1. Summing Lys, Arg as +1 and Asp, Glu as -1, what charge do residues with Cβ under 14 Å from the Cβ of D61 carry, D61 excluded?
2. Work out the P(r) tail for the chain: percent of alpha carbon pairs separated by more than 20 Å, whole number.
3. Given the stretch 35-75 reduced to its alpha-carbon atoms as identical point scatterers, what log10 I(q)/I(0) does the Debye formula return at q = 0.15, 0.16, 0.20, 0.26 Å⁻¹?
4. Just to be sure I understand the model, the point goes 7 Å from the Cα along the line to the Cβ. What's the resulting D61 to E32 distance in nm?
5. Not counting the cut sites, what is the longest span of the chain without trypsin sites (Lys or Arg not before Pro) that DSSP labels loop and that have at most 11 other Cβ atoms within 10 Å?
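Laboratory data are not the source of any read-out in this text; all were calculated from the coordinates shown. None of the values given here were measured: they were computed from a predicted structure. Methodologically, a virtual Cβ is constructed for each residue, glycine included, from the backbone with ideal geometry; neighbour enumeration extends over all protein chains shown.
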Amino acid sequence: MAYVIIGKCLGERYGACVDVCPVEAMHFGDHEGAAMMVINPDTCIDCGACLPECPIAAIVDSVDQAPEWAEYNKAAAAMPGATSGRVIRRKAW
């Protein structure tokens with residue numbers, strides 16, 4: 001089961017989770033015009049490194065905790081142009 005970024009991240013681009021992810025599963029995304037980070041569930045290895053790094057507690061450790069956001073993360077990570085945070089340096093907006 002992959003970790004999931006939830007709605008608390010809407011409008012945020014802290015990206016603190018990006019630098020600690022060993023497999024580059026974190027991506028900058030967009031939800032109905034609002035910036036947010038997403039986790040690619042196909043890349044995530046469930047290591048948990050991202051959990052303590054999120055300053056707004058917008059990451060949950062189970063798809064079951066937020067199934068609707070899990071679907072969004074999967075779809076957004078697969079969209080053309082989904083960019084790893086390691087390519088575009090993190091920045092608080």
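1. Working: positive: none; negative: D46, E53, D64.
Overall, the nearby charge balance is -3.
2. On the way: 866 of 4278 pairs.
The proportion of pairs with Cα distances above 20 Å equals 20 percent.
3. Scattering profile of the stretch 35-75, log10 relative to I(0): -0.34, -0.38, -0.62, -1.08.
4. So the label points at D61 and E32 sit 3.0 nm apart.
5. 1-88
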